[in-house]
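For reference, the structure is listed below as structure tokens.
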Amino acid sequence: RTRYIQTELGFHERLFVAVLTSRVTLNTLAVAVNKTVAHHFPRLLYFTGLRSAKLPPGMALVAHGDERPTWLMYETVRYIHQHFGPDYDWFYIMQDDTYAQAEQIRALVTHLSINQDVYLGRAEEFIAGDEQARYCHGGFGYLLSRSLLLKLRLHLDNCRNEILSVRPDEWLGRCIIDFLGITCVSQLQGQYYRTYELAKNTEPEKEEEEEFQAALAVHPVSDVTLMYRLHKRFSRIQLDRAYREIQDLQMQIRNLTSLTPAGEAGLTWPVGINAPFLPKSRFEVISWDYFTEQHLFSCPDGSPKCDLSGASKLDVGEIIESALEQLNSRYQPLLRFSKRQLLNGYRRFDPTRGMEYTLDLLLEAVTQKGHSHVLAKRVSLVRPLSKVEIIPMPYVTEATRVQLVLPLTVQDLDFVANFLDMFAMNALDTHDNALLTLLFIYHPYDAQRVSQVDVFAGVKAMVGELEKRYAEVKIPWISVKTEVPSQVKLMDIVSKKHPVDTLFFLASVWTEINMEFLNRCRMNAISNWQVFFPVHFQEFNPALVYRSEQTASSGTDFLRDGHFDRHSFAEACFYNSDYMTARTKLAADILDRDEVLESMEVFDVFLHYSGLHLFRAVEPGLVQKYALRSCNPRLSEELYHRCVLSNLEGLASRSHLAMALFEQEQANST
């Protein structure tokens, strides 16, 4: 577990960023800083003396209660040491009127050794002070190492009482020099902290000086608009620099290709991108999806044609625009192209390199003399996979109690005994932290006769036997009367009878409970963050798969004769609090139209009425024996259709079905 590894080995986070702001500029410059650089820094915190009446959303703010600049600096350094000192290697302090190149700052700290006391920034002389001593100008930001911060904390109170200064950066610099003997430097270990001082009425778009383009920090930024203009200018500089580096690398690859065993034939397109995936069998061939500017002909729901909309429409539009841009950059000024129509479009996702596109474009080409000509041209494009990033996830443990919920109808009675046996063996015998609640779903006719004949009497007797065998275990049940067992309505009843922090596992009677899956349920369901909908493995009908052969499969290939049932959403792991939040939004949307719930599953509730991650993945630990499910025709058309498809696809593989038909025809012919 990475959390324990990091703690035991003493790893620290790389960089913490503190932004000094004020009540006046909190909703202007501080917001601009947050929008331009905050997403590049792993942790950023804003410090102010007094809060403003309206706090900007999405910004972590600490208010010290005093606007005096030196006092704000003292409290900020003390707060950083107290709350973050042991967890980070580097601490970067900047003002809200500073534009910092976040990526360059992050790259800088990766090249510095953490074993030194570092005070790095734009070195300035003290007024009427020691010629050798320097402090770091606060307007351009400065970098402190963790070792320096830990030593400085011992002297902060003395600095507050003994050093008088109007400027907070001078006060901090004098404190570090007097008590630690360390002066500010602008160059360390071969790395330079380059800055640029903006003049009045500066036009960032026209700045071409090398000093400007190489700057890590720019100051002073007088207004919000200037902050955004600087961000746009530096983003363009970084983008152009990246393109030049790509071109240089591609040229080097071309030059070296002739020296490789494959020679120039081994050069792939685009240069520097992985070669396309080469299938080894017909089943590994990646199919292309056809599209036009209005329609997709490979739709997520399986329909043959659907409207091109949302992210797919934006994707196609961007690819066509990029194709025209590349054509014009290659043939101008001799020719200029404009799009008439997209004749054909194809795309596929290659996991080794990214999204590939082939476009047949009807173009109008205009010469320098104004002559035009319409022609069709085929272009190929690749949107390569970018850098892989680790997404931070909330920390969970495997000690959480799992509350299993098992809905039962009359049609499920033949399978209950096996479910309870597996639950007893894999949960109760192993003392796993799991509980079980049964949900008896009575048809109205059976409910009227329950005093004479209880259709669930046998199940209740089995539960009684389990409770006798395991004295500390109680298995409660809830009785419900309905003709249409809507999953959402049933979950509403269960939700009200359990605490909000309950972790539910909504199971089916064919589920075989095991500890491996329960642990994955605990790990993949995260409160207020993620819900887990596993795709269980459904074994095929043994009468069709094995026929006269041996039906038992070995332990090493237990997933051989079956398939992952993607049509089933019956199993789910989620927290009660998350369900209640999503259910409240659903209730506000449908008002009193309860009949809508009959066409929905719990998956639909989370999909449409929660902002949580929906983790849908195949689950090899959730294996179900073959059984012909009973599909309730009173459910919605979509739910009934999915149930029928699940039954049909669960019969056997195509090869097994073909063999069965062949044998039947052979028998009929004789």
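Residues that are of a type in the set (Gly, Ala, Ser) and surrounded by 19 or more Cβ atoms within 10 Å (Cβ to Cβ) within segment 197-219 comprise 215, 217, listed in sequence order.
Do you know which of the residues in segment 456-508 that are more than 18 Å from residue 598 (Cα to Cα) and β-branched (Val, Ile, Thr) is surrounded by the fewest Cβ atoms within 10 Å (Cβ to Cβ)? In this case the residue turns out to be 500. Residue 628 fulfils the conditions (1) under 22 Å from residue 406 (Cβ atoms); (2) in contact (Cβ under 8 Å) with a residue 40 or more places away in the chain; (3) open to solvent by 80 Å² or more (accessible area, probe 1.4 Å) except for a single criterion, (2). Look at (1) among the hydrophobic types (A, V, I, L, M, F, W, C); (2) under 20 Å from residue 639 (Cα atoms); (3) open to solvent by less than 70 Å² (accessible area, probe 1.4 Å); (4) at pLDDT 90 or above and you find that residue 607 fails only one, number (3). Which of (1) assigned by the TED database to the domain that holds residue 113; (2) under 33 Å from the mean Cα position of the chain (by Cα); (3) charged (D, E, K, R) is the odd one out, the single condition residue 167 does not satisfy? For residue 167, the failing item is (2). Screening residue 242 on (1) surrounded by 14 or more Cβ atoms within 10 Å (Cβ to Cβ); (2) farther than 25 Å from residue 359 by Cα; (3) of a type outside the set (Asp, Glu); (4) within 28 Å of the chain's Cα centre (by Cα) shows it passes everything except condition (1). Being assigned to a loop (DSSP other than H, G, I, E, B) and of a type in the set (Asp, Glu) is the filter here, so list the residues in segment 600-627 that pass it. Residue satisfying the conditions is 601 alone.
Among the conditions (1) open to solvent by less than 70 Å² (accessible area, probe 1.4 Å); (2) touching a residue at least 60 places away in the same chain (Cβ under 8 Å); (3) among the polar types (S, T, N, Q), residue 110 misses just one, which is (1).
Of all the listed residues (248, 157), the sole one being within 27 Å of residue 102 (Cα to Cα) and either among the charged types (D, E, K, R) or open to solvent by 30 Å² or more (accessible area, probe 1.4 Å) (or both) is 248.
Of all the residues in segment 639-649, those that are of a type outside the set (D, E, K, R) and under 32 Å from the mean Cα position of the chain (by Cα) number 5.
Which of the residues that make up segment 324-378 are within 30 Å of residue 388 (Cβ to Cβ), open to solvent by 30 Å² or more (accessible area, probe 1.4 Å) and in contact with a Lys or Arg (Cβ under 8 Å, 6 or more places away or on another chain)? The answer is 355, and nothing else. Criterion applied to 96, 169, 178 was being free of Cβ contacts under 8 Å to residues at least 60 places away in the same chain and over 21 Å from residue 12 (Cβ atoms), and the one residue passing it is 178.
Go through 258, 222, 235 for me and flag whichever is open to solvent by 50 Å² or more (accessible area, probe 1.4 Å), among the small types (Gly, Ala, Ser) and touching a residue at least 12 places away in the same chain (Cβ under 8 Å). Please lay out each step first, then the result.
On the way: 258 fails: touching a residue at least 12 places away in the same chain (Cβ under 8 Å); 235 fails: touching a residue at least 12 places away in the same chain (Cβ under 8 Å).
Within the list 258, 222, 235, the selection yields 222.
Flag: residue 609 matches the condition of being of a type in the set (Ser, Thr, Tyr) and within 31 Å of the chain's Cα centre (by Cα). The set of residues in segment 455-465 being in contact with a strand residue (DSSP E or B) (Cβ under 9 Å, 6 or more places away or on another chain) and not aromatic (Phe, Trp, Tyr) consists of 455, 459, 460, 463.
The values are calculated or read from the model by the stated rules, or taken from the named source; none is laboratory data. Note that the coordinates shown come from a computational prediction; the quantities given were computed from them, not determined experimentally. We place every Cβ from the backbone using ideal geometry, glycine too, and count neighbours over all the protein chains shown. Accessible surface is based on the protein model in full, side chains and every heavy atom, while ligands, DNA and RNA are left aside. Shrake-Rupley method; radii C 1.70, N 1.55, O 1.52, S 1.80 Å.
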